[in-house]
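Student: Here it is, the structure in full.
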Amino acid sequence: MQEFNEKNGFSDDVFEVVAGNSGQKETCGSVAPTTLYLTIDGVSKTFKKPLAALNKKAAGGIVALDKVSLEVGKGEIFGILGPNGAGKSTLIKVITGLVIPDSGTVTLDGLDFRRDKHEFMKRVGAQIETPVFFNKKSGWWNLKYLADLQGGLPDQRIKDIVELVGLSSRIKSRVGTYSMGMRQRLGLAQAIMHNPDFLVLDEPINGLDPDGIAQVRDLIRQLRDCYGTTVLFSSHILGEMQTLCDRVAFLASGRLVAVKTRAEIEHGLGDVSVLCVVCDEPNRAAALIGEKYGYRTKVQGTALYVEVKGGNTAEINKTLIENGISVVSFSVKTRTLEEMYKELTR
Ligand SMILES: Nc1ncnc2c1ncn2[C@@H]1O[C@H](COP(=O)(O)OP(=O)(O)OP(=O)(O)O)[C@@H](O)[C@H]1O
Ligand SMILES: [Mg+2]
C-alpha cells in the first residue's frame, strides 16, 4: 500500500496541500493568550542594502519584517518558526531593543520600549544568535563581569546558574576553548542570571547535544512552571517546538503567516486530514464520497485519497461498506508539523 510520505508524492501530488487550507494564509493567532504580556503591533523593518545606489533592484532594501503583529500571554512558552532569512532574529532583536523598527510598537506588560526602556529591559533576559564573550577570559569571569554591569550578583547565585545550565566542569576554562554547545550554555546562563520575567532566546538549542537539548527544554519548562517566566524562542528543530511551545508563530519572508496552538499542531494541525482507502472499486467509492460529503478525492490505482474536513472518517468507512465496496485498508493521516511548516512558509 502506498505510504503517506513525501517521497512517493502523496502529500504533494495527491493533494497539493495534504490537509490543505486552500492556500489561505492566516495572519493572526487562533487563541488569544489569557493575560496579555507582550504585544507586538504592526512592526516593520527594512534593512538598507549597502550598495543600493549601484543596483536598482536593491534600492528598496531587504524587508526583514513586514507589519508583524502578535501577542504573547503571561507565562506562555511561545515559539517562532521560519526558514533562514524569515526574520526571526530581527523580530527578537526588535523585542530586545537591538534593532529599532521602522514602524510599529512593542509593549511588555504595559511598558512601551521607547518610553520605558530601562524598566522594559530590566524584565528581559536574552540570548541572541551566537553570544559574544571575552574569549581570553573564563566563563566564570564573563558571567561575573556581566552580572557586575547590571548591579552585581552573589557568587552563589552565579554558581547555581552555572550548575543549572550544566557548565560547572568548564566554567573556569577560557571561553575561547569552549565548544559551540558550551557557548550556548554560557549564553543561556547570562540570560537567566537576573531572574528575568521574560526570557527571549534565539536558537537556544542550536549546536547542543541531545543531553543539552533536554536540559534546555527542562530549564525552560522549569522557569515557566516554577517562576511564571514568559519565554519566547526561535528554533529550527520542529520536534522541540511541538513538545515545548504553547503556541508557535510561523514567519516567512518577514510576514507572520500563522500562529498555532500546541493542540492544533498535535491534533492534525487543524480540522483537515487525508484519508487513504484501498478498495475494490475506488472510482465508484470516489463518486459516492464526492456526492455524499462533497470532499475532494483522487484515485491512484486501487487507492482512493479523500481530503476530509472536520468529518467523521468512520462514517465514510460505513458508507462505503453499506454500498457494497470491499475496503482492504483504511488509514487517516493528519499533517505533521513539518508538513505544516513547509506549507505555511513556502
Ligand atoms: N543588519 C542587517 N543588514 C542587512 N540585512 C539584514 C541585517 N540583519 C538581517 N538582515 C536581513 O533580514 C532578513 C531576515 O534576517 P534574520 O536574521 O532576521 O532571519 P532569520 O529568520 O533569523 O534567519 P536564520 O534562520 O538564518 O537565523 C534576511 O534577509 C537578512 O539578510
Ligand atoms: Mg536568526
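The values are calculated or read from the model by the stated rules, or taken from the named source; none is laboratory data. This one's a predicted model, so the numbers in the text were calculated from it and none came from an experiment. Ideal geometry is used to build each Cβ from the backbone, glycine not excepted, and the neighbour counts take in all protein chains shown.
Student: Condition first: touching a residue at least 60 places away in the same chain (Cβ under 8 Å) and over 20 Å from the mean Cα position of the chain (by Cα). Can you find one or more residues in the range 250-272 that meet it?
Tutor: Kept after step one, since they are touching a residue at least 60 places away in the same chain (Cβ under 8 Å), are these residues of the range 250-272: 250-261, 264-265, 267-270, 272.
Remaining after also requiring over 20 Å from the mean Cα position of the chain (by Cα): 272.
Yes, because at least one residue in the range 250-272 is touching a residue at least 60 places away in the same chain (Cβ under 8 Å) and over 20 Å from the mean Cα position of the chain (by Cα).
Student: Here's a follow-up. Quick one: K172 ticks every box in (1) in contact with a Ser or Thr (Cβ under 7 Å, 6 or more places away or on another chain); (2) part of a helix (DSSP H, G or I); (3) away from ligand 1 (no atom under 16 Å from the Cβ) bar one, so which box is it?
Tutor: It fails just one condition, (2).
Student: How about the range 110-147: which of its residues are out of contact with any Gly (no Cβ under 8 Å at 6 or more places or on another chain) and over 22 Å from M182 (Cβ atoms)?
Tutor: Listed by number, the residues that qualify are G110, L111, D112, R114, R115, D116, H118, E119, K122, R123, V124.
Student: Related question: Scan the range 97-115 and tell me whether some residue there is surrounded by fewer than 21 Cβ atoms within 10 Å (Cβ to Cβ), within 13 Å of ligand 2 (Cβ to nearest atom), without any contact (Cβ under 8 Å) to a residue 40 or more places away in the chain and more than 19 Å from D246 (Cα to Cα). Show your work before the answer.
Tutor: Of all residues in the range 97-115, those surrounded by fewer than 21 Cβ atoms within 10 Å (Cβ to Cβ) come to 97-100, 102-107, 109-115.
Now restrict to residues that are within 13 Å of ligand 2 (Cβ to nearest atom): 98-99.
Then drop every residue that is not without any contact (Cβ under 8 Å) to a residue 40 or more places away in the chain, which leaves 98.
Filter again for more than 19 Å from D246 (Cα to Cα), leaving 98.
Yes, the range 97-115 has at least one match.
Student: Give the residues of the range 172-190 that are within 16 Å of ligand 2 (Cβ to nearest atom) and either among the acidic types (D, E) or closer than 24 Å to Y227 by Cβ (or both), sorted by residue number.
Tutor: Q184, G187
Student: Looking at the range 125-150, which of its residues are of a type in the set (S, T, Y), in contact (Cβ under 8 Å) with a residue 24 or more places away in the chain and more than 18 Å from P204 (Cβ to Cβ)?
Tutor: If the condition is that a residue be of a type in the set (S, T, Y), in contact (Cβ under 8 Å) with a residue 24 or more places away in the chain and more than 18 Å from P204 (Cβ to Cβ), then S138 is the only one that fits.
Student: Are there any strands (runs of 3 or more DSSP E) wholly within the range 69-134 with 3 or more residues that are farther than 20 Å from G187 by Cβ and of a type in the set (S, T, N, Q), and if so which?
Tutor: Ranges flagged: 103-108.
Student: In contact (Cβ under 8 Å) with a residue 24 or more places away in the chain and out of contact with any Lys or Arg (no Cβ under 6 Å at 6 or more places or on another chain), is that true of Y178?
Tutor: Details: in contact (Cβ under 8 Å) with a residue 24 or more places away in the chain: yes; out of contact with any Lys or Arg (no Cβ under 6 Å at 6 or more places or on another chain): yes.
So Y178 passes the test.
Student: Ok, one more. Which of the residues spanning the range 188-215 are more than 16 Å from ligand 1 (Cβ to nearest atom), modelled with pLDDT of 85 or more and outside any helix (DSSP H, G or I)?
Tutor: Hits for the range 188-215 are M193, H194, N195, P196, D197, F198, L199.
Student: Could you please tell me which pairs satisfy a Cβ distance under 9 Å, a separation of 6+ or placement on different chains, a first residue in the range 72-95 that is in the same structural domain as G125 (by TED's automatic domain parsing) and closer than 13 Å to F233 by Cβ, and a second residue that is aromatic (F, W, Y) and within 12 Å of ligand 2 (Cβ to nearest atom)?
Tutor: Partner pairs satisfying both residue conditions: I77/F233; F78/F233; G79/F233; I80/F233; I92/F233.
Student: Additional query: Can you tell me which of (1) within 16 Å of ligand 1 (Cβ to nearest atom); (2) modelled with pLDDT of 95 or more is the one K136 doesn't meet?
Tutor: (1)
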